[in-house]
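**Q** First, the structure itself, so that you have it in front of you.
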Amino acid sequence: MKSDPAMRPLETSDAAIHADRLDRLTEKGLRAAAVADNGIDWDTRIKKPAWLRMQYVRTAISQLYFGELATITMCERLLRELDDGNAIRFVRTQIADEQRHVRYYERYLARAGGIEDICDGVAMAYEGALAWRGSYHGAIVAFHIVLEGEGLRLQQLYGDWFPCPLYKQINTLIARDEGRHVAFGKIFLRRQLQALPLEERIAIYQWVRALWFDCAGPIQADMPGIVFRAVGRRWAENRWRRQREALIDIGLIHPHETAQFDRC
Ligand SMILES: [Fe+2]
Ligand SMILES: [Fe+2]
């Protein structure tokens with residue numbers, strides 16, 4: 001006899017809702033993947049404003065490309081560490097998404113003249129995030145919330161500064177996938193972090209905050225003057241405030257704790 005859903009223990013129905021939300025994201029990912037390659041017309045010409053040097057375009061997009069590669073490495077590690085079947089299924093679709101993004105950027109960059117080197121601050125950010133040896137929660141906070149959240153914003157900014165019709169097609173498809181990856185991080189962590197001991201939550205918060213500010217200086221130093229002026233001198237502090245709101249939203253840190261731990 002089936003049990004009355006209203007009579008099930010709250011924890012069980014919460015777990016079922018959580019699993020269902022992850023499954024719906026996975027299904028969305030599978031549907032998007034099935035049609036993704038139809039969304040780009042590779043015969044479209046690359047266009048850029050006259051004031052913008054092509055080398056800067058290549059450098060900026062190459063950083064997104066390196067971010068995709070680092071994210072694949074992290075996701076492969078997650079597959080070995082996660083013990084939640086619904087999350088594992090999602091991460092498998094994410095790896096396929098990121099591999100597709102790598103192919104798109106490679107193809108675009110080949111047309112634009114090749115892949116440029118990774119910038120020092122970007123390398124520090126990804127190497128630092130991959131160096132996390134604590135629980136998988138830290139890796140998901142760093143990649144799905146902070147780095148993918150920031151990457152998504154940068155991608156949109158590039159789209160505004162750089163109205164290339166081919167980039168726009170690529171950007172539209174990738175941004176949709178990245179939005180789903182960030183959503184996975186939020187849904188998964190909101191539930192998982194409730195059970196994480198206080199010391200572990202704080203350790204992750206302090207680590208990701210230090211990583212942010214360690215890398216911000218070198219990243220700003222590599223920005224061309226026009227970009228530096230557009231984002232402002234206090235870019236790192238201003239953006240960190242937005243990141244901190246996202247970390248509060250997922251329950252990594254509580255507002256009353258930030259005053260204490262932001263000083264450390
Ligand atoms: Fe991606
Ligand atoms: Fe992603």
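What follows draws every value from the coordinates through simple rules; no lab data is involved. These numbers were taken from a predicted model, which means no experiment stands behind them. Neighbour counts run over all protein chains shown; Cβ positions are idealised from the backbone, glycine included.
**Q** Hey, what did the range 53-148 get for relative contact order, percent, Cα under 8 Å, at least 6 apart?
**A** Normalised by residue count, the contact order of the range 53-148 is 40 percent.
**Q** Under the definition of Cα pairs under 8 Å and six or more residues apart, what whole-number percent is the relative contact order of the chain?
**A** Taking the mean separation of contacting Cα pairs over the length of the chain, I get 25 percent.
**Q** Rank these for me by crowding, Ile88, Ile118, Ile226, going from fewest to most other beta carbons within 10 Å.
**A** Ascending Cβ contact count within 10 Å gives the list Ile226, Ile88, Ile118.
**Q** Beyond 13 Å, what share of the Cα-Cα pairs of the range 202-264 remains, rounded to the nearest whole percent?
**A** Value for the range 202-264 (Cα pairs over 13 Å): 65 percent.
**Q** OK, next. Would you mind checking the tilt of helix 10-36 against the longest principal axis of the Cα atoms of the chain, expressed as 0 to 90 degrees and rounded to 10?
**A** Once rounded, one gets 30 degrees.
**Q** Mind pulling the angle between the C-alpha long axis of helix 165-192 and the longest principal axis of the chain? Nearest 10 degrees, somewhere in 0 to 90.
**A** Approximately 20 degrees, to the nearest ten.
**Q** Then there's this: Cut-off is 10 Å between beta-carbons; in what order do Thr172, Thr71 appear when sorted fewest neighbours first?
**A** Working: Thr172 13, Thr71 26.
The order, fewest Cβ neighbours first, is Thr172, Thr71.
**Q** Just the Cα atoms of the range 1-136: what Rg and Dmax do they give in Å?
**A** Here Rg and the maximum Cα pair distance are 20.2, 71 Å.
**Q** Which angle between 0 and 90 degrees, to the nearest 10, do you get for helix 85-112 versus the longest principal axis of the chain when only C-alpha atoms count?
**A** 0 degrees
**Q** If the only charges are +1 at each Lys and Arg Cβ and -1 at each Asp and Glu Cβ, what is the size of the charge dipole of the chain around the Cα centre, to the nearest 20 debye?
**A** 740 debye
**Q** Something else about it: With just the Cα atoms defining each centre, how far is the range 20-89 from the range 150-213? Give it in Å.
**A** Distance between centres, Cα-based: 12 Å.
**Q** Separation between the Leu157 and Leu198 pseudo-spin-labels, each 7 Å from Cα along Cα→Cβ, expressed in nm?
**A** About 3.7 nm, to one decimal.
**Q** On alpha carbon coordinates alone, what is the Rg over Rh value for the chain, Rh being the Kirkwood radius?
**A** 0.99
**Q** What is the local net charge at Phe228, summed over the other residues whose Cβ is closer than 14 Å to its Cβ (Lys, Arg +1; Asp, Glu -1)?
**A** Summing Lys/Arg as +1 and Asp/Glu as -1 gives +3.
**Q** Can you give the net charge of the other residues whose Cβ lies under 12 Å from the Cβ of Gly149, counting K and R as +1 and D and E as -1? Display every interim value, and only then the final one.
**A** Numbers: positive: Arg153, Lys186, Arg239, Arg242, Arg244; negative: Glu148, Glu150, Glu178, Glu245, Asp249.
Neighbour charge sum, excluding Gly149 itself: 0.
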